Amino acid sequence: MTELLIKNGFVFDPLNGINGEKMDIAIKDGKIVASVSDQNAKKIDATGLTVMPGAVDVHTHIAGGEVNTGRMIRPEDHVKDVVRKTAITRSGTGYSIPSTFVTGYRYSKMGYTTVMNPSMAPLGAKHTHEELNDIPLLDKATFPLLGDWWFVLENLQKGDLEGCARHVAWIMETTKGYAIKIVNPGGLESWGFGRNVHSIDDVVPNFDITPREIVCGLAKVNKMLNLPHTIHLHTNNLGIPGNYVTTLETMKALESVPNDGKPICHITHVQFSSFAGDNWGNMKSAAEEISRYINNHNHMTFDMGQIIFTDTTTMTADGPFEFTLYQLSGHKWVNSDVETETSGGIIPMHYKRKSAVNATQWSIGLELALLVKDPWKIFMTTDHPNAGPFFAYPKIIAWLTSKKARMATLAKCHKKAQKKSLLPSINRELSLYELAIMTRAGQSKALGLKGKGHLGVGADADVAIYNINPETLDITQKYKTARKAFDSAAYTIKDGKIVVKDGEVVQNVDGRTMWLDVKTREQLKVDEEMKRKFKEYWTVEYENYPVFDHYVKVPEAITVKADV
Amino acid sequence: MIVLTPLRKFQFPVHAECINPDVFQGKSAKEIASLPVWEGNKKKKLADLFKIEETPAETPDITINGDATEVRRVGQGMKQGEIVINGNAGMHLGEKMAGGKITVNGNANGWTGSSMKNGLIEIHGDASDYLASPYRGSTAGMRGGKIVVDGNVGSDSGCYLRGGVIMVKGNAGPFLGFHISKGVIYVAQSAGNRLGASMTGGKIVVSGSVDELMPTFTVNAVKKKVKIDDTFKAEGPFYVFLGDLAEHGNGKLFVSQPSNPQLSPIYDKYL
């Protein structure tokens, strides 16, 4: 029986409405409890420190076929960031695609305890879980790519939502997945034939179905199944000037899905979906249009996909988009997974301040985060590693909480981008409370994680303690101090165990892998017809497709009762 | 001047990026003796591996007498000064160097002058593979300066060249000038296959014979002379090829006409 008492910290726990109150947090056997006996408990003196729930990342590519292919094509990325082993931690490499162990250590060092791997080709599920098993110190889950999965397309084409729902329930169990991920709906299937879809009403080849029908259909299916997270959508026309029109159309299309005032869709890395203009020369920010819509509607949540000026690697299941990037940059690229379920592309990318396009993209991300009034709607991510590596989060925190910080960076950007940027007109500086929403509470709520993102009694004892005294440190001015504090947490506590102290990993524990066990009234029967399709069209036999229980090192099945 | 003499034949690779005029500058022989080096996985001092002598002569700043084949990263990132190696040099010699001069009176090993920015490297023997080429996967090729090799070079030399001049007086291996975008490569004798593959700009000049020419190059003209740098013009006549068309390239590949009679029946009709 282990007891821990975090004494006298400034607690920020938005889900329970606690805003910087001085209080104690008691932990027993990996859970938050009301109190512990004073003599037995190990004590952490958090006087003058900020205490928050362990941070949650809603979207970060840390495992799977694409990530690993990215590692393979970028030896030059690893050579500049070699991590030696210590008595506790294992060796590895960075930079933009860190090895599994380094991923865990670096996240934990920043106070993160839960991360979501948002893109997994069902075919590559086994591999993804093997990598997730090797990422220490974090709880994680992974989202299967279902927007262009053949069984989804077939059922939606027939108009059979219940059939589609049963297939989705089956794939969650089969791949040990957590949510429905949709990438460039319809576009990936088209990419198998060298084509793409260019609006939400383009028809997908061979399937007489449109992206609009796929997104709305899966949103309805998601609701029928009562899945904890909403559908997780990467929009059509991503990364193309003028694409904000498509993004708005997608959001408007989703208004037709009944929502009871709750979010029904999460649009991820919305920065990449908010470009105005009609070519790269006059590309500009559509943050005003997008944020106006977001402020007036409640059926969506978002994450930023904030650009970081550094050398990184883009990787997405959106193969056609990566091909466009390749044509723009001429850099080496890889196309993968182009079969029956998804597609994939990987290309290195160096975001530069002195590039007008990159600097505008940087500005769009921050504009969106600041113009959206409700922090429960938009969350902090870099779409790691697409817009930048995750360990740059403290930089984004500085930009969000300090106008001085973002103006200092803007001053170094391309003149054209400076002129176009809305940032000089935005005075909002996020408080620590709002920051706690954008980095943990909001993300946890959107993901439907009951025990995460808050410090109420019964929550998982995942806590981050930062060396920030909100009474004496003005983070709007001393943003560099704040950045350092968020870069190396004073303590990170995972399941009641101290895993990081003063930015150093002091204990190694395995995190859990969460997956959904969806109970439908009638289970999907894997019939001869399905098996025949696997035999004919997939590169694996049906028998080799499922992720068996022993593949997941520390599983946490979340049972969901469906309405179908 | 500091003279370094290896105390024995090294069995394991020695990583000695401290052998660099910028590092040695202003240090006494005693301080230099305690500079850190790695031999295999053991951390050592420079004096554990080399005899270190100080002589009154001003230049060169550093001389290595003896076989330094296993001594890697000599002159890495150096900005000024001169190093002379009387013997063979190890891998990554003058990697990322930004100025100064390195002379090798022997052969050089792989990745010599990798990603260099400026300065001069003279090799009076052969250079191995990856001369002036960046680290695997990287596109940060040589940006400036000059490399002169009296002997032959191995494969993948001058990859991703973005500036500067490479002169080879002997033969070159396959994949010479892979993906170059700017700068000049001159080979006095023959060049191996996949010459100039994926080049998008710059010049490659071959005065000897070529094994093959990639089909993604198109013949454009015949030229009598080609300027290599301010001091040297290569005598032709040369076929001028443009490519690599697979990369929409605008590079120029000059191949000697007299040394390559096999090209005449294929390309003369397009001139």
| Pairs where the first residue, in region A:541-561, is over 18 Å from A:Asn133 (Cα atoms) and the second is among the polar types (S, T, N, Q) and not in a strand (DSSP E or B), C-beta under 7 Å, 6+ apart | A:Tyr545/A:Thr174; A:Val560/A:Asn226; A:Lys561/A:Asn226
| task | Tell me, yes or no, whether region A:179-195 has at least one residue that is under 30 Å from A:Phe101 (Cβ atoms), polar (S, T, N, Q) and in contact (Cβ under 8 Å) with a residue 12 or more places away in the chain. | result | no
| Considering region A:284-300 alone, what residues qualify as being more than 16 Å from A:Lys252 (Cβ to Cβ), modelled with pLDDT of 95 or more and not acidic (Asp, Glu)? | A:Ser285, A:Ala287
| note | A careful count of residues in region B:252-271 that are more than 19 Å from B:Gly208 (Cβ to Cβ) and in a strand (DSSP E or B) gives 0
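Inside region B:1-88, counting only strands (runs of 3 or more DSSP E) that do not spill past its ends, which hold 3 or more residues that are surrounded by 15 or more Cβ atoms within 10 Å (Cβ to Cβ) and not basic (Lys, Arg)?
B:2-6, B:36-39, B:62-65, B:82-86
With respect to B:Lys252, is the statement that it is within 22 Å of the chain's Cα centre (by Cα), surrounded by 21 or more Cβ atoms within 10 Å (Cβ to Cβ) and closer than 24 Å to B:Met142 by Cα true?
It is true that B:Lys252 is within 22 Å of the chain's Cα centre (by Cα), surrounded by 21 or more Cβ atoms within 10 Å (Cβ to Cβ) and closer than 24 Å to B:Met142 by Cα.
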| task | Among residues belonging to region B:129-156 that are modelled with pLDDT of 95 or more and hydroxyl-bearing (Ser, Thr, Tyr), point out the one that is surrounded by the fewest Cβ atoms within 10 Å (Cβ to Cβ). | result | B:Ser155
| For region B:19-30, does any single residue satisfy the condition of being touching a helix residue (DSSP H, G or I) at 6+ places or on another chain (Cβ under 7 Å) and either over 21 Å from B:Gly99 (Cβ atoms) or of a type outside the set (Phe, Trp, Tyr) (or both)? | no
| message | With the requirement that a residue be more than 22 Å from A:Asn117 (Cα to Cα) and among the polar types (S, T, N, Q), what does region A:369-425 give you? | response | A:Thr401, A:Ser402, A:Thr409, A:Gln418, A:Ser421, A:Ser425
| task | Identify all residues within region A:135-157 that are among the charged types (D, E, K, R) and at pLDDT below 95; write none if there are none. | result | A:Asp148, A:Glu154
| said: Being within 14 Å of another protein chain (Cβ to nearest Cβ) and either closer than 20 Å to A:Gly305 by Cβ or crowded, with 24+ Cβ neighbours inside 10 Å (or both) is true for just one of A:Pro320, A:Pro348. Which residue is that? | reply: A:Pro348
| said: Scan region B:146-153 and tell me whether some residue there is of a type in the set (D, E, K, R) and either closer than 22 Å to A:Asp81 by Cα or in a strand (DSSP E or B) (or both). | reply: yes
| message | Can you go through A:Thr210, A:Thr235, A:Thr230 and tell me which one is over 17 Å from A:Trp149 (Cα atoms) and either modelled with pLDDT of 95 or more or among the acidic types (Asp, Glu) (or both)? | response | A:Thr230
| message | Are there strands (runs of 3 or more DSSP E) fully within region A:295-376 with at least 1 residues that are within 30 Å of A:Asn427 (Cβ to Cβ), aromatic (Phe, Trp, Tyr) and in contact (Cβ under 8 Å) with a residue 40 or more places away in the chain? List them. | response | A:300-303
| note | Residue set B:Gly119, B:Gly106; condition away from chain A (no Cβ under 14 Å), under 16 Å from B:Asn86 (Cα atoms) and touching a Gly at 6+ places or on another chain (Cβ under 7 Å); output residue B:Gly106
| note | Checked region A:128-163 for anything touching a residue at least 40 places away in the same chain (Cβ under 8 Å) and of a type in the set (D, E, K, R); matches are A:Glu130, A:Glu131, A:Asp139, A:Lys140, A:Asp148, A:Glu154, A:Glu162
| query | What are the residues in region A:188-208 that are out of contact with any strand residue (DSSP E or B) (no Cβ under 7 Å at 6 or more places or on another chain), in a loop (DSSP other than H, G, I, E, B) and farther than 17 Å from A:Glu249 by Cα, if any? | reply | A:Phe193, A:Gly194, A:Arg195, A:Asn196, A:Val204, A:Pro205, A:Asn206, A:Phe207, A:Asp208
| field | Members of region A:493-511 that are closer than 18 Å to A:Thr100 by Cβ and part of a strand (DSSP E or B) | value | A:Lys494, A:Val499, A:Val500, A:Val505, A:Asp510
| note | Scanning region A:61-109 for residues that are aromatic (Phe, Trp, Tyr) and within 14 Å of chain B (Cβ to nearest Cβ) gives A:Tyr95
| task | Mind listing whichever residues of region B:175-208 are of a type in the set (Ser, Thr, Tyr) and within 14 Å of another protein chain (Cβ to nearest Cβ)? | result | B:Ser181, B:Ser198, B:Thr200
| Lone unmet requirement of (1) free of Cβ contacts under 8 Å to residues at least 24 places away in the same chain; (2) in contact with a strand residue (DSSP E or B) (Cβ under 8 Å, 6 or more places away or on another chain); (3) farther than 27 Å from B:Arg143 by Cα for B:His92 | (3)
| request: Within region B:30-83, work out how many residues are touching a Gly at 6+ places or on another chain (Cβ under 8 Å) and not aliphatic (A, V, I, L, M). | output: 15
| Is there a residue in region A:397-415 that is closer than 21 Å to A:Ser274 by Cα, in contact (Cβ under 8 Å) with a residue 24 or more places away in the chain, in a loop (DSSP other than H, G, I, E, B) and not aliphatic (A, V, I, L, M)? | yes
| Any idea which of (1) touching a residue at least 24 places away in the same chain (Cβ under 8 Å); (2) within 17 Å of the chain's Cα centre (by Cα) is the one B:Asn65 doesn't satisfy? | (2)
| task | Output the residues belonging to region A:442-492 that are among the aliphatic types (A, V, I, L, M) and assigned to a loop (DSSP other than H, G, I, E, B). | result | A:Leu449, A:Leu455, A:Val457, A:Ala459, A:Ala461, A:Ile468, A:Leu473, A:Ile475, A:Ala489, A:Ala490
| Do the conditions hold for A:Gly453, that is, is it within 23 Å of A:Met52 (Cα to Cα) and touching a Lys or Arg at 6+ places or on another chain (Cβ under 7 Å)? | yes
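The values are calculated or read from the model by the stated rules, or taken from the named source; none is laboratory data. Quick caveat: nothing in here was measured; it's all calculated off a predicted structure. Neighbour counts are summed over all protein chains in view; Cβ atoms, including those assigned to glycine, are modelled from backbone coordinates with ideal geometry.
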